[in-house]
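Read-outs: derived from the displayed coordinates by stated rules, not from any lab. Computed from a predicted structure; not experimentally measured. Positions of Cβ are generated from backbone atoms using ideal geometry, with glycine treated the same way; all protein chains shown enter the neighbour counts.
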Amino acid sequence: MFNSSKKNARADTETTSLIASGTQIRGDVQFSGRLHVDGKIEGSIRADDAAAVLTLSSHAQVVGEIQAPHIIINGSVNGDVTADERLELASNARVEGNVFYKVLEMSAGAQINGKMVHRAEPPRQLSGPGAEGAEAVKA
């Protein structure tokens, strides 16, 4: 009678996991949905889906690599950070490592000690009548 499949699909993308203040994890963390970190992680953090969001609070500490589509940092990271879509660095963010991003938002006071590498989208191939002319120019 009620369509619960839509509700369950929406709940999966809105699920938030929390690593609370005072919690320490040694090992790699894989997540989907949202992950909010107030504690400390010694290991890599990787997102499993394209809609995942990682948030590091001002108390969070990560020693290891981070890779996720959308990353918000207000704590400290010692390792490379790769944001497939968007990276937000709040005023208390401290990153010791290289930063790879597509879109970057950086507040005054945020610090990065490493390379900042913009990852542009790959060039798109034209399709349709104009594409044939482009091929002829290349030849």
Could you tell me the calculated FRET efficiency between Asp48 and Gln111, based on Cβ-Cβ distance and R0 = 30 angstrom, to the nearest 0.05? 0.55
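Order of Lys102, Lys115, Lys40 from fewest to most other C-beta atoms within 10 Å? All intermediate terms of the calculation are to be shown ahead of the outcome.
Values: Lys102 15, Lys115 10, Lys40 19.
Listing Lys102, Lys115, Lys40 from fewest to most nearby Cβ atoms yields Lys115, Lys102, Lys40.
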About the Cα centre, charge dipole magnitude for region 13-122 (Lys/Arg +1, Asp/Glu -1 at Cβ), debye: 240
By what distance, in whole Å, do the Cα atoms of region 13-122 stretch along each of the three principal axes, largest value first? 35, 29, 21
